[in-house]
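Chemist: Let me begin by handing over the structure; questions about it come next.
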Amino acid sequence: MLQFPIFRRRSQALGNTAMNVFASRNDWQAIGSGQVRLDLHDRPAGLGLAWNFAGPTGFAVARRLVNWQVPPRFRMRFRWHGEGNLNRLEIKLIDHANNAMASVWWYQRDALPWPEPGTESVLESGDFAFAWGAAGGGLPARVAALEIAIVAGEGGSGELILESLSIEDLAVVQTCRFTEFRSGDGVYDRASAIGWSAHSAEDWLQLNWSEPISFAALRLEWAENAWPTHCSVTGFSATGAPEVLLDASTDTRRHFLYFGARRIQGLRLQGFREGTAIKLLALEWIPPERARSWTDFLHEVAAHLPQGSLPSYFSRRQCYWTVIGAPTCPFQALINEDGGIEVQRPGFSVDMQWLHDDSSLGIDVTSTLQSIGKMDAELSLADRRWPIPSVSVSSAPLQIVVTGAATFVGGRWCVLAEYRVQNTGEKRLSGKLLARLRPFQVTPPWQAWREFGGVFPVNDLCWNERFLQVNERFAVGPIEPVDACLLIPWLNFDDALLRDRLRMPCMKRITDPVSLAQAVMAWPISLASGESNSVHLLLPFERMEPEEQKQWWAKCQHEISFPSAFPAKLLDAAIRDWKALVGGFALAGNDEIKRRFDVICTATAHILVNRSGPALQPGPRRYARSWIRDAATMGAALLRMGRVQEVVEFLEWYHPFLREDGYVPCCVDRDGADPLVEHDSHGQWLFLVAEACRYGAGSVFSNRMLPSMRRVARYLFQLRSQRCTSAYQNGENVVRYGLLPESVSHEGYLAQPVHAYWDDVWAWRGLLHAVDYFTSEAPNSSEAHTLAERCRQESEALEQAIRNSMTMVMSSAKIEFLPGSVEWADYDPASTACAVGQLNAFACLPESAIPATFRQFLDGWRERKLQGRESGKYSAYDIRVVAALLRLGWRDEANELLNFLLADMRPQNWQQWPEISWPNPRSPGHLGDLPHSWIGAEAVLAILSLFVLEDERALVLGQGIKLDWLEEGVSGTGWPTPFGTLDFAYQKVSNGCIRVTLAGSVVPPDGIVLALPGISEKTHYQLLSGNLRPSTGGRLCLQSSPAELLFTC
């Protein structure tokens, strides 16, 4: 009887640490959100968790540090029972004690009745799903912390008793015998690669186990030219009942077969190839915990294929992306570092490969952008700033550049994808350029949300000799004639066979039962030394019926009179459209200043590209929703970049979603208004409407918004009145007096609504802006003047309430920093920075705590820099702190922080930030979305504030300019302000003096303050033109522009 050493099983407890995990409450930490209380106590046989939610929301967590090496497959046993209200149970395995660096796997049990005493539960590794963190998926190898969480369902109170936890190792090799086989010869042996052989269709191989096993997928590898052209796999249950898992034609030496979770006790394999024997080299079955889905299984597949065969993210390596778009295009395409382009949201991707005619050149026969380069790709944007991105990889004698641009062709918005190959060697280079359509999105699996991230189903491909149809509704049109188009179902997927397959007649249509079909379009190219050549694809954004696709392509053909010149014209037009974006707005100076200008141009472009029609959205995929919170900052950035119309269009689009009582929904998407209560939204609406009017939106817009502004202001009065009753004038609730009610406008507060100062400060700023709006936009309305006075009174009362509440919270919690909320007394410098930097809310905050908060931030940030990859993740929302530091007068610190954040853009040359930045940029952790245009907007505001900072009714110039910048000079033209358009120029002249020149008609009510480095009111100067006004804080102040001064330093 043949011995087949594949999988031997044994159970092994991990030792006393695991067995005694519930022995003492002293080993555990109790954590409760907000007002939730958790008491831990020792029970005779374990640990007791007594919780009280004091309401319907929140969570209670018991946490213990451990040090477990976890096998790939394990079984966890524990006894437990409980009583009380029905709430969800979560058991979390955490691989790092530092939460900022941790990855989390969890088991979740819905809010079901608690078990009776003596109940034993058994969980296996497959029951723990990856939740979040830097690992991006897979299974934990180490557990550094164990958490038991009770998450509010009904809330209320109750107690959970946990006893006797043990973990058993299930992941060692098991012996299996062939009790049945019909074969010519052969013994499977992984080490010597000698395998089972079959000589006829009647030969088969069957594996039987002594007990049922769980599996989800199979990996089969066959000998060269000895793989089957037809293969079948049958599973047998414990009773012997058969289930056909696969019965299909195949043509590849590797089979990666996914079936979903199965319990089998036997497995039969059959295969046949006409005229020759088949020979099996490897067989591996994959347990369910390693293949929960096709996406999970593809991570396993990638480990057995050459680099580039699958997107790099299937190797659990972060792969960044950026957007492709045009100023007026309502759609966004993506391109990633691998050169993959995705047009639909979500959709398939198209990347490129190169196939050498001469395989002796020392480059992989099939070379994708991943495998050609010996290092990361070189990335760029058109003119260093516009969202026409390129990916370039070189490996002598070959350079490949992929570029994507949004353009309007054939009556449709499309992406023009250009694939350029250059011969950088000395000899002629010949081969085939391949454009490959793949069933994979640009965004990685760890971005998964709804339909986004990882696999995109491609089940139907049709080549009609002119263009490629995908799933019948999408089209891909090659501008240059294609030499061959190869359609490949998943069961025939094998890059190593491309050369031979391209020589054979190609099928015109395929359907793939597992929806992982691929297509390869090929162009023969021959290049002399130094020569280059390009091919181009048109990928329309919109779905089209088959007949519409034919009509579209016919229009394209009519427009393409000269294929070699047509793409260049499209690219030039796309760049011209983007250059017109900034108009006369400019910033000039040394290389540091030029880079900052590039960044704000890119960030502004990303805000516009991420839009869906008029709807401002912070991301192109995961965050393709319109939050008024994000839009308030994105709108403020657009206004300061001169893009007033886009803000007006957004507000007019959002306006109908406001309720009649003045309630402003926090978010609107394709499903309508989000019902989640977030009380920052009302102040943000008042703020953004008033800002648009301050920047010249016009009287027609202002009059249209007037009814909504009245309703929203009155809604805020009513909302705040709920915390102005006698119940909040004394006792423990006095700390909440005069504030807005609880909400979840901060993501950290989703589990427990709180009184968030973020909401209050936005309401305060919105009411202040409403005072000016009602006064200036409706000067002849007595109702508007009455409402303006009420807004003034409410803002003053709210200002006092915020300051009093913060003072009480700081005293009670014994903290020196400004807290984020009443209930948590939490440290949230990014939200505090918004209050100080963008909203200038000094009057609302305890004065001494403002510098203390930002000193603590700077100390922590510098420590994080020193720790490098051991520091944990952070968010580039930190860029808000730049403006806050400038308002404090901390010029050097502001530039130090800004320089760090500019150096940590990801990727650097695409000039963007994700919402989450991991210390190792290649960690496969969730990023939020990319480019994150709320963060981009914060960058615009931060960089602009270096040069021009609004201070209520004044302008402060040069607050963030560095002294050495003046050597080459600093100048700006066409800068929009609420008081007019400003030009400025600062230059050190030959005698060491500093010349300041202001142009444009700008008349701020409180003047123009000069805050340039090296000058003050005591510096000797000559006023060459213009008028002075009394100095402000020791700084020279001008009445208006134009003006000119010469300082002697």
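The values are calculated or read from the model by the stated rules, or taken from the named source; none is laboratory data. Bear in mind the structure is a predicted one, so any value in this text is a computation, not a measurement. Glycine gets a Cβ as well: all are built from the backbone with ideal geometry, and neighbour counts include every protein chain shown.
Chemist: List pairs: first residue in the stretch 580-599 and closer than 15 Å to residue 911 by Cα and in the same structural domain as residue 904 (by TED's automatic domain parsing), second residue among the basic types (Lys, Arg) and part of a loop (DSSP other than H, G, I, E, B) anywhere in the structure, Cβ distance under 7 angstrom, at least six positions apart or on different chains.
Modeler: 598/384; 598/385
Chemist: Working only within the stretch 738-777, note down all residues that are free of Cβ contacts under 8 Å to residues at least 60 places away in the same chain and not in a loop (DSSP other than H, G, I, E, B).
Modeler: 747, 768, 771, 775
Chemist: Does the stretch 609-618 include one or more residues that are surrounded by 18 or more Cβ atoms within 10 Å (Cβ to Cβ), at positive phi, in contact (Cβ under 8 Å) with a residue 40 or more places away in the chain and assigned by TED's automatic domain parsing to the domain that holds residue 937? It would help to see each step written out before you state the result.
Modeler: Of all residues in the stretch 609-618, those surrounded by 18 or more Cβ atoms within 10 Å (Cβ to Cβ) come to 609-612, 615-618.
Add one more test, that the residue is at positive phi, and what stays is none.
Scanning the stretch 609-618, I find no residue that is surrounded by 18 or more Cβ atoms within 10 Å (Cβ to Cβ), at positive phi, in contact (Cβ under 8 Å) with a residue 40 or more places away in the chain and assigned by TED's automatic domain parsing to the domain that holds residue 937, so the answer is no.
Chemist: Could you run through the stretch 627-650 and say how many residues are outside any strand (DSSP E or B) and within 16 Å of residue 762 (Cβ to Cβ)?
Modeler: Residues of the stretch 627-650 outside any strand (DSSP E or B): 628-650.
Imposing the further condition that a residue be within 16 Å of residue 762 (Cβ to Cβ) reduces the set to 628-636.
The number of residues fulfilling the criteria is 9.
Chemist: Can you find, within the stretch 197-219, the residue that is surrounded by the most Cβ atoms within 10 Å (Cβ to Cβ) among those that are among the charged types (D, E, K, R) and not in a strand (DSSP E or B)?
Modeler: Filtering the stretch 197-219 for residues that are among the charged types (D, E, K, R) and not in a strand (DSSP E or B), the one surrounded by the most Cβ atoms within 10 Å (Cβ to Cβ) comes out as 203.
Chemist: Quick check: anything in the stretch 748-760 in contact with a Phe, Trp or Tyr (Cβ under 8 Å, 6 or more places away or on another chain) and within 30 Å of residue 977 (Cα to Cα)?
Modeler: no
Chemist: Could you check how many residues of the stretch 224-263 are closer than 16 Å to residue 207 by Cβ and in contact with a helix residue (DSSP H, G or I) (Cβ under 6 Å, 6 or more places away or on another chain)?
Modeler: 0
Chemist: One residue is enough: does the stretch 112-120 have a residue meeting the conditions under 28 Å from residue 141 (Cα atoms) and surrounded by 14 or more Cβ atoms within 10 Å (Cβ to Cβ)? Break it down stepwise before answering.
Modeler: Initially, the stretch 112-120 is screened for residues under 28 Å from residue 141 (Cα atoms), giving 120.
Filter once more, so that each one left must be surrounded by 14 or more Cβ atoms within 10 Å (Cβ to Cβ): none.
There is no residue in the stretch 112-120 that is under 28 Å from residue 141 (Cα atoms) and surrounded by 14 or more Cβ atoms within 10 Å (Cβ to Cβ).
Chemist: Still on this structure: Does the stretch 511-540 hold any residues that are under 19 Å from residue 487 (Cα atoms), surrounded by fewer than 20 Cβ atoms within 10 Å (Cβ to Cβ) and over 30 Å from the mean Cα position of the chain (by Cα), and which are they?
Modeler: Residues satisfying the conditions are 511, 513, 524.
Chemist: Then there is this: Residue check: is residue 824 touching an Asp or Glu at 6+ places or on another chain (Cβ under 8 Å), buried (at least 21 other Cβ atoms within 10 Å of the Cβ) and either in the same structural domain as residue 857 (by TED's automatic domain parsing) or under 30 Å from residue 154 (Cα atoms) (or both)? Before you say what the answer is, go through the steps one by one.
Modeler: Numbers: touching an Asp or Glu at 6+ places or on another chain (Cβ under 8 Å): no; buried (at least 21 other Cβ atoms within 10 Å of the Cβ): yes; either in the same structural domain as residue 857 (by TED's automatic domain parsing) or under 30 Å from residue 154 (Cα atoms) (or both): yes.
The answer is no for residue 824.
Chemist: Quick one: what pairs do we get from the stretch 671-693, first residue over 23 Å from residue 838 (Cβ atoms), second of a type in the set (Lys, Arg), C-beta under 9 Å, 6+ apart or different chains?
Modeler: Every condition considered, the pairs that remain are 673/659; 674/625.
Chemist: Filter the stretch 33-55 down to residues that are of a type in the set (S, T, N, Q) and part of a loop (DSSP other than H, G, I, E, B) and give me whichever is farthest from residue 822 (Cα to Cα).
Modeler: Looking only at the stretch 33-55, we keep the residues that are of a type in the set (S, T, N, Q), and these are 33, 35, 52.
Okay, now just the ones that are also part of a loop (DSSP other than H, G, I, E, B), so 33, 35.
On the way: 33: 12, 35: 11 Å.
Going through the qualifying residues, I end up with 33.
Chemist: Look through 302, 326 and report the one residue that is farther than 24 Å from residue 929 by Cα and either in contact with an Asp or Glu (Cβ under 6 Å, 6 or more places away or on another chain) or at pLDDT 90 or above (or both).
Modeler: Details: 326 fails: farther than 24 Å from residue 929 by Cα.
So the residue among 302, 326 that is farther than 24 Å from residue 929 by Cα and either in contact with an Asp or Glu (Cβ under 6 Å, 6 or more places away or on another chain) or at pLDDT 90 or above (or both) is 302.
Chemist: Moving to a separate point now. So for the stretch 826-836 (the condition being under 23 Å from residue 713 (Cβ atoms) and not in a loop (DSSP other than H, G, I, E, B)), does at least one residue qualify?
Modeler: Kept after step one, since they are under 23 Å from residue 713 (Cβ atoms), are these residues of the stretch 826-836: 834-835.
Adding the requirement that they be not in a loop (DSSP other than H, G, I, E, B) leaves 834-835.
Yes, the stretch 826-836 contains at least one residue that is under 23 Å from residue 713 (Cβ atoms) and not in a loop (DSSP other than H, G, I, E, B).
Chemist: Restricting to the stretch 88-130, and then to whatever is hydroxyl-bearing (Ser, Thr, Tyr) and out of contact with any Pro (no Cβ under 9 Å at 6 or more places or on another chain), can you tell me which residue is farthest from residue 163 (Cα to Cα)? First the steps, then the outcome.
Modeler: Let us first name the residues in the stretch 88-130 that are hydroxyl-bearing (Ser, Thr, Tyr), namely 103, 107, 119, 121, 125.
The next check asks that each one be out of contact with any Pro (no Cβ under 9 Å at 6 or more places or on another chain); those that pass are 107, 119.
Details: 107: 17, 119: 10 Å.
By that ranking, first place goes to 107.
Chemist: Right, another one. All but one of (1) within 21 Å of residue 931 (Cα to Cα); (2) surrounded by 20 or more Cβ atoms within 10 Å (Cβ to Cβ); (3) of a type in the set (D, E, K, R) hold for residue 432; which doesn't?
Modeler: Unmet for residue 432, out of (1) within 21 Å of residue 931 (Cα to Cα); (2) surrounded by 20 or more Cβ atoms within 10 Å (Cβ to Cβ); (3) of a type in the set (D, E, K, R): (1).
Chemist: Can you find a residue in the stretch 454-474 that is touching a residue at least 40 places away in the same chain (Cβ under 8 Å), closer than 25 Å to residue 357 by Cα, assigned to a strand (DSSP E or B) and under 30 Å from the mean Cα position of the chain (by Cα)?
Modeler: For the stretch 454-474, residues touching a residue at least 40 places away in the same chain (Cβ under 8 Å), closer than 25 Å to residue 357 by Cα, assigned to a strand (DSSP E or B) and under 30 Å from the mean Cα position of the chain (by Cα): absent.
Chemist: Another one. Among the residues of the stretch 190-226, count how many are within 21 Å of residue 252 (Cα to Cα) and modelled with pLDDT under 50.
Modeler: Residues in the stretch 190-226 being within 21 Å of residue 252 (Cα to Cα) and modelled with pLDDT under 50: 2 in total.
Chemist: Then there's this: Determine if the stretch 433-447 includes at least one residue that is at positive phi and at pLDDT below 95.
Modeler: To start, the set of residues in the stretch 433-447 that are at positive phi comprises none.
No - not one qualifying residue is present in the stretch 433-447.
Chemist: When the stretch 220-243 is examined, which residues are found to be free of Cβ contacts under 8 Å to residues at least 40 places away in the same chain, farther than 15 Å from residue 273 by Cα, part of a strand (DSSP E or B) and within 44 Å of the chain's Cα centre (by Cα)? Outline the logic, then answer.
Modeler: As a first pass, look at the stretch 220-243 and keep what is free of Cβ contacts under 8 Å to residues at least 40 places away in the same chain: 224, 232-243.
Still in the list and also farther than 15 Å from residue 273 by Cα: 233-243.
Now narrow it down to the ones that are part of a strand (DSSP E or B): 233-236, 242-243.
Once the filter is applied, which keeps residues that are free of Cβ contacts under 8 Å to residues at least 40 places away in the same chain, farther than 15 Å from residue 273 by Cα, part of a strand (DSSP E or B) and within 44 Å of the chain's Cα centre (by Cα), the stretch 220-243 yields 233, 234, 235, 236, 243.
Chemist: While we're on this one: Go over the candidates 359, 367 one by one and state the one that is surrounded by fewer than 22 Cβ atoms within 10 Å (Cβ to Cβ), on the phi < 0 side of the Ramachandran plot and modelled with pLDDT under 95.
Modeler: Working: 367 fails: surrounded by fewer than 22 Cβ atoms within 10 Å (Cβ to Cβ).
None of the others qualify; the one that does is 359.
Chemist: Checking the structure you have, find out if any residue of the stretch 655-662 is crowded, with 20+ Cβ neighbours inside 10 Å, in contact (Cβ under 8 Å) with a residue 12 or more places away in the chain and of a type in the set (Phe, Trp, Tyr).
Modeler: Within the stretch 655-662, not a single residue is crowded, with 20+ Cβ neighbours inside 10 Å, in contact (Cβ under 8 Å) with a residue 12 or more places away in the chain and of a type in the set (Phe, Trp, Tyr).
Chemist: When you check residue 323 against the structure, is it within 21 Å of the chain's Cα centre (by Cα) and either over 24 Å from residue 411 (Cβ atoms) or not in a helix (DSSP H, G or I) (or both), yes or no? Spell out how you get there, then give the answer.
Modeler: Numbers: within 21 Å of the chain's Cα centre (by Cα): yes; either over 24 Å from residue 411 (Cβ atoms) or not in a helix (DSSP H, G or I) (or both): yes.
Yes.
Chemist: Which residues, taken from the stretch 827-871, are exposed (fewer than 15 other Cβ atoms within 10 Å of the Cβ), modelled with pLDDT under 95 and either in contact with a Leu (Cβ under 7 Å, 6 or more places away or on another chain) or among the small types (Gly, Ala, Ser) (or both)?
Modeler: 848, 860, 868, listed by residue number.
Chemist: Here is a follow-up. Kindly indicate whether residue 521 is under 30 Å from residue 231 (Cβ atoms) and aliphatic (A, V, I, L, M). Break it down stepwise before answering.
Modeler: On the way: under 30 Å from residue 231 (Cβ atoms): yes; aliphatic (A, V, I, L, M): yes.
Considered against the rule, which asks whether it is under 30 Å from residue 231 (Cβ atoms) and aliphatic (A, V, I, L, M), residue 521 comes out as yes.
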